[in-house]
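What follows is a single structure, written as structure tokens, with notes after it.
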Amino acid sequence: MAAMTIRLAPDLKVRLERLAETTRRSKSFLAAEAIRNFVDLNDWQADEVRKAVAEADREDFASAERVDEVFETWGVRAG
């Protein structure tokens with residue numbers, strides 16, 4: 001594992017210390033878990049954006065008919 005130093009606002013540091021005591025986990029463990037969750041979520045979102053941009057670059061769009069069909073399933077008129 002690699003080491004990393006981060007700066008925290010004083011109130012966040014206090015909260016992290018309190019949570020570490022309560023959960024009997026180290027501050028490092030909790031910080032690593034938080035970063036892992038953040039990266040997982042944001043990496044997934046960034047990947048979906050990259051896929052969407054690639055589809056748009058290929059002009060791979062839904063037809064107007066398909067959009068109408070989807071809206072109809074929601075009980076809404078698209079146009």
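Assorted remarks:
- Candidates per trypsin sites (Lys or Arg not before Pro) in segment 1-78, loop by DSSP, up to 14 other Cβ within 10 Å: R7, R24, R25, R58, R77
- Within the shell defined by Cβ-Cβ distances under 11 Å, the residues around L8 carry a net charge of +2, with Lys and Arg each +1 and Asp and Glu each -1.
- Helix-only arithmetic for the chain: the sum of -39500 (n - 2.57) across DSSP H runs with n ≥ 4, divided by the residue total, places the mean residue ellipticity at 222 nm at -23500 deg cm²/dmol.
- Total formal charge among the other residues, if their Cβ is under 12 angstrom from that of V49, Lys/Arg +1 and Asp/Glu -1: -2
- Student exercise, the chain dipole from Lys, Arg, Asp, Glu Cβ charges, in Debye to nearest 20: 940
- Of E59, E21, E69, the one that fluctuates the most in a GNM where the chain has Cα springs shorter than 10 Å: E69
- Correct choice for volume of the Cα convex hull per residue in Å³ that was computed from the model, options (1) 212; (2) 85; (3) 131: (1)
- Inter-probe distance in nm under a simple model that places probes 7 Å from Cα toward Cβ, at K13 and A34: 1.3
- Angle in degrees between helix 27-57 and the longest Cα principal axis of the chain, rounded to the nearest 10: 20
- Tilt relative to the chain, helix 10-23 - C-alpha long axis, 0 to 90 degrees, to 10: 80
Values quoted throughout were computed directly from the atomic coordinates according to the rules given, and no laboratory measurement underlies them. All values reported here derive from a predicted model rather than from experimental measurement. Neighbour counts run over all protein chains shown; Cβ positions are idealised from the backbone, glycine included.
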